[in-house]
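Okay, structure first, notes after.
The values are calculated or read from the model by the stated rules, or taken from the named source; none is laboratory data. The structure presented is a predicted model; accordingly, all values stated were derived computationally and were not measured. A quick note on method: Cβ atoms are made from the backbone with ideal geometry, for glycine too, and the neighbour counts reach across all protein chains shown.
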Amino acid sequence: MTHRIATSPLLAAVAATATSITAFTPAARAQEAFDLGQITVFANQAEAVTDLARTGTTTEVITADDLAQSGSAKLADVIADLPGVSVSANGGLGANTALRVRGLDGKYIAVRIDGIDVSDPSSTQVQFDWGLLSTEGVSRIELLKGSQSAVFGSEAIGGVINITTARAGQPGNSATVTGEAGSFGTYRAGLSAETRSETGGLAFSLNRVETDGFSARDGAANTEADGFRATQLTFSADVAATDLLTLGISGYALNGDGSFDEFGGDGAPPFDEFNSVETRALRIFADLDLGSVQHGVAASYYTNDRLSSSNGFATVFDGTRRTFEYKGSYAASDAVSYGFGADLTRETYDSGADSGTEDVSGIFGEVLYAPDADLDLALSLRYDDHSAFGGNLSGRAALAYRMGAGTVLRGVASTGFRAPSLYELNNTLYGNAALQPEESRNFELGIEHDYASGANVRATAFYTEIDNLIQFVTLTSFPLPFTGQYRQVPGTSTSKGIELSGEWALRDGLRLFGSYTYTDARDATGAPLLRVPGHDLVLGMAADMGRALSGRITLNRIADRPAEFGVAMPDYTVVNAGLGYDITDDAQVYLRIENLLDEDYQTSSGFSTAGRAVYLGVRATF
């Protein structure tokens with residue numbers, strides 16, 4: 001059963017947050033039809049909220065409870081526990097960090113925070129740096145896997161990650177305060193508050209993190225710690241202007257600065273390496289609910305200013321994005337719904353010596369068809385007109401077939417594209433104005449079964465191919481002069497594999513969960529794509545140990561990674577653990593241990609990861 005709420009992602013997320021937290025377990029998903037169960041807000045255009053059992057798109061959901069129980073302060077590490085997702089970082093908290101979904105790196109993953117596109121237009125590729133974002137202030141995450149260009153446009157070949165921050169959900173007032181201290185001189189503090197009445201709601205979250213860190217560059221000679229400091233603010237508000245019209249606003253701000261290491265190791269004064277970043281994002285929207293017809297308009301602004309100092313030279317990177325969008329939907333009957341809309345985006349990039357601007361306008365349409373109670377079909381089409389490359393048509397066809405009690409069969413076929421970034425086109429040293437968009441095709445087939453006992457299992461096979469992959473090609477190497485250029489690699493690159501996952505409730509209060517992903521990702525020459533593990537295993541256990549004590553332990557085994565720059569990348573196993581104790585119904589103290597076994601490993605060649613680290617914190621709600 002599909003349930004409708006207001007069309008804006010912001011308001012949809014309010015209902016999603018309120019319902020998904022109470023419906024986290026597989027057993028809850030199997031309740032009566034009037035229960036929302038586990039839902040997706042972003043998988044379709046024609047419906048604002050869809051039961052996961054009725055969408056063909058492979059969707060992973062992380063709730064506020066999952067985040068509170070997780071064994072990491074870094075949001076990227078929590079997402080990396082999902083099937084098909086891996087992480088690599090050039091150091092500790094604040095260091096450049098990338099996620100990969102089914103073997104495809106950050107430039108193929110669209111990222112939204114409260115409906116705002118937060119990928120950086122001034123970055124080498126248009127992508128999001130996950131090293132800057134912690135779990136504080138985040139209430140829900142949805143990961144849509146596979147090509148979603150038919151819904152979200154360029155950069156959505158590998159998937160889309162939608163992040164919802166603190167939300168005013170249930171009527172009333174509440175506030176949450178967190179504080180934490182631990183290894184490497186790390187301190188975190190956060191405050192979230194929300195209020196909701198019959199006519200509207202307001203929520204905000206303010207978080208601060210400081211850490212002395214450790215040397216980002218690996219090796220005994222590298223001893224200078226690379227610290228990081230950041231302050232993050234999010235807010236949202238909505239008001240029912242009339243019975244039919246809802247107005248709203250959401251915003252995101254981040255100020256951060258920290259040290260980093262180049263490939264050469266620790267910098268020495270005056271050649272210390274450091275980054276500072278200032279991000280601002282704002283979105284306003286209006287939703288009109290006319291019953292079977294919904295209309296929504298929104299405007300958003302994003303700017304990211306970075307200052308990077310390396311080897312005594314400082315470079316400024318400024319990126320901006322302005323977006324205007326209209327979305328509509330029409331429920332023609334219980335069996336048929338239509339989604340439609342248009343958007344216009346302008347991105348700019350400026351690094352002083354280089355700059356560029358591009359405009360992209362898009363129109364899209366979607367049909368959802370449920371001929372009976374067991375089958376859901378979705379067809380999505382999107383046409384984008386790029387100021388530099390002209391038109392591109394993307395499509396997605398998906399089905400969900402409920403084969404029997406608790407069993408869902410899913411299938412998806414989709415196409416996608418990625419336009420070259422402004423940096424790849426315009427950079428004086430490495431850019432190439434002759435680049436053309438990459439084009440892709442994606443296929444997946446999966447099956448999932450929920451057992452009456454509360455257990456569930458899922459298997460998904462996936463295949464993605466990309467034509468004319470853009471890669472950096474080294475023309476002359478060290479010793480200087482070093483030259484290179486972004487170039488099109490003729491032929492077809494592929495990423496294929498299988499995801500397996502499951503969850504088992506052994507008894508009341510004791511739950512086992514796990515996933516395994518096999519990925520074979522190669523470019524057109526047959527060379528494996530860097531930093532993609534062939535085997536990724538996650539095993540975990542969560543337990544309630546008495547009235548007030550709870551615990552969680554996870555193991556992540558990474559194996560079969562290709563060599564980087566001729567250096568082998570060994571397999572590794574990382575174990576994280578945590579304990580929580582409820583002082584009262586509204587206050588908890590917790591202990592988190594990262595890398596419990598003190599594993600010595602690297603996710604990026606030559607860059608350090610933390611050894612065993614211990615953190616003690618408190619969380620209270622009023």
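Considering only segment 170-189, state which residues are assigned to a strand (DSSP E or B) and more than 18 Å from Gly131 (Cα to Cα).
Our first condition is that a residue be assigned to a strand (DSSP E or B); within segment 170-189, this holds for 172-182, 186-189.
Across segment 170-189, the qualifying residues are Gly172, Asn173, Ser174, Ala175, Thr176, Val177, Thr178, Gly179, Glu180, Ala181, Gly182.
Quickly run through segment 186-200 and pick out the residues that are among the small types (Gly, Ala, Ser) and either touching a Gly at 6+ places or on another chain (Cβ under 8 Å) or without any contact (Cβ under 8 Å) to a residue 40 or more places away in the chain (or both). First the steps, then the outcome.
Going residue by residue through segment 186-200, those that are among the small types (Gly, Ala, Ser) are 189-190, 192-193, 197, 200.
The answer is Ala189, Gly190, Ser192, Ala193, Ser197.
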Next item on the list: Could you tell me whether any residue of segment 546-560 is hydrophobic (A, V, I, L, M, F, W, C), over 28 Å from Gly159 (Cβ atoms) and more than 26 Å from the chain's Cα centre (by Cα)?
Entry: yes
Next item on the list: Kindly provide the set of residues from segment 486-518 that are within 26 Å of the chain's Cα centre (by Cα), over 20 Å from Ile553 (Cβ atoms) and charged (D, E, K, R), ordered by number.
Entry: Lys496, Glu499
Item checked: Among the candidates Ala559, Ala527, Ala563, Ala568, residue that is touching a His at 6+ places or on another chain (Cβ under 6 Å), small (Gly, Ala, Ser) and either surrounded by 18 or more Cβ atoms within 10 Å (Cβ to Cβ) or farther than 25 Å from Thr178 by Cβ (or both) -> Ala559
Next item on the list: Please verify whether segment 358-376 includes one or more residues that are modelled with pLDDT of 95 or more, touching an Asp or Glu at 6+ places or on another chain (Cβ under 6 Å) and under 30 Å from Leu475 (Cα atoms).
Entry: yes
Checklist line | Failed criterion for Tyr423 (all others in (1) more than 25 Å from the chain's Cα centre (by Cα); (2) farther than 28 Å from Lys327 by Cβ hold) | finding: (1)
Item checked: Within segment 554-572, considering residues that are in a strand (DSSP E or B) and in contact (Cβ under 8 Å) with a residue 40 or more places away in the chain, the one farthest from Phe607 (Cα to Cα) -> Thr554
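Kindly evaluate Val209 against the criterion of being in a strand (DSSP E or B), closer than 30 Å to Leu445 by Cβ and touching a residue at least 24 places away in the same chain (Cβ under 8 Å). Write out each step before concluding.
Details: in a strand (DSSP E or B): yes; closer than 30 Å to Leu445 by Cβ: no; touching a residue at least 24 places away in the same chain (Cβ under 8 Å): yes.
Here the answer is no, as Val209 does not meet what is asked.
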Notebook entry, point to check: Do any residues in segment 92-104 that are within 18 Å of Gln125 (Cα to Cα) have Cβ atoms under 8 Å from those of residues that are in a loop (DSSP other than H, G, I, E, B) and polar (S, T, N, Q), where the two are at least six apart or on different chains, and which pairs are they?
Noted result: Asn96/Asn90; Thr97/Asn90
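Got a sec? Which of Ile163, Ile141 is surrounded by fewer than 24 Cβ atoms within 10 Å (Cβ to Cβ), in contact (Cβ under 8 Å) with a residue 40 or more places away in the chain, within 12 Å of the chain's Cα centre (by Cα) and closer than 30 Å to Thr415 by Cα?
Values: Ile163 fails: surrounded by fewer than 24 Cβ atoms within 10 Å (Cβ to Cβ).
Of Ile163, Ile141, the one residue that is surrounded by fewer than 24 Cβ atoms within 10 Å (Cβ to Cβ), in contact (Cβ under 8 Å) with a residue 40 or more places away in the chain, within 12 Å of the chain's Cα centre (by Cα) and closer than 30 Å to Thr415 by Cα is Ile141.
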Item checked: Those residues of segment 403-415 which are modelled with pLDDT of 95 or more and either within 23 Å of Val360 (Cβ to Cβ) or of a type outside the set (Val, Ile, Thr) (or both), in sequence order -> Leu409, Arg410, Gly411, Ala413, Ser414, Thr415
Margin query: Going through Gly404, Gly416, Gly411, Gly446 one at a time, which residue ends up being surrounded by fewer than 19 Cβ atoms within 10 Å (Cβ to Cβ), under 26 Å from Thr494 (Cα atoms) and either in contact with a Ser or Thr (Cβ under 9 Å, 6 or more places away or on another chain) or not β-branched (Val, Ile, Thr) (or both)?
Written below: Gly411
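Table: residues versus (1) of a type in the set (Ser, Thr, Tyr); (2) more than 29 Å from Ser605 (Cβ to Cβ).
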residue	(1), (2)
Gly56	no, yes
Glu60	no, no
Ala73	no, no
Asp77	no, no
Gly84	no, no
Gly91	no, no
Leu99	no, no
Lys145	no, no
Ser149	yes, yes
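Checking the conditions here, which among Val489, Val473 is without any contact (Cβ under 8 Å) to a residue 40 or more places away in the chain and in contact with a Lys or Arg (Cβ under 7 Å, 6 or more places away or on another chain)? Spell out the reasoning first.
On the way: Val489 fails: in contact with a Lys or Arg (Cβ under 7 Å, 6 or more places away or on another chain).
Among Val489, Val473, only Val473 is without any contact (Cβ under 8 Å) to a residue 40 or more places away in the chain and in contact with a Lys or Arg (Cβ under 7 Å, 6 or more places away or on another chain).
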Next item on the list: Scan segment 92-118 for residues that are touching a Ser or Thr at 6+ places or on another chain (Cβ under 6 Å) and small (Gly, Ala, Ser) and report the count.
Entry: 2
Next item on the list: Please work out which one of (1) closer than 19 Å to Ser119 by Cβ; (2) in contact with a Gly (Cβ under 7 Å, 6 or more places away or on another chain); (3) not polar (S, T, N, Q) is the condition Asp318 fails and give its number.
Entry: (2)
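For segment 298-324, give me each residue that is surrounded by fewer than 20 Cβ atoms within 10 Å (Cβ to Cβ) and either within 23 Å of the chain's Cα centre (by Cα) or over 23 Å from Pro121 (Cβ atoms) (or both).
Filtering segment 298-324 down to residues surrounded by fewer than 20 Cβ atoms within 10 Å (Cβ to Cβ) leaves 299, 301, 303, 305, 307-316, 318, 320, 322-324.
Passing the criteria: Ala299, Tyr301, Thr303, Asp305, Asn311, Gly312, Asp318, Thr320, Arg322, Thr323, Phe324.
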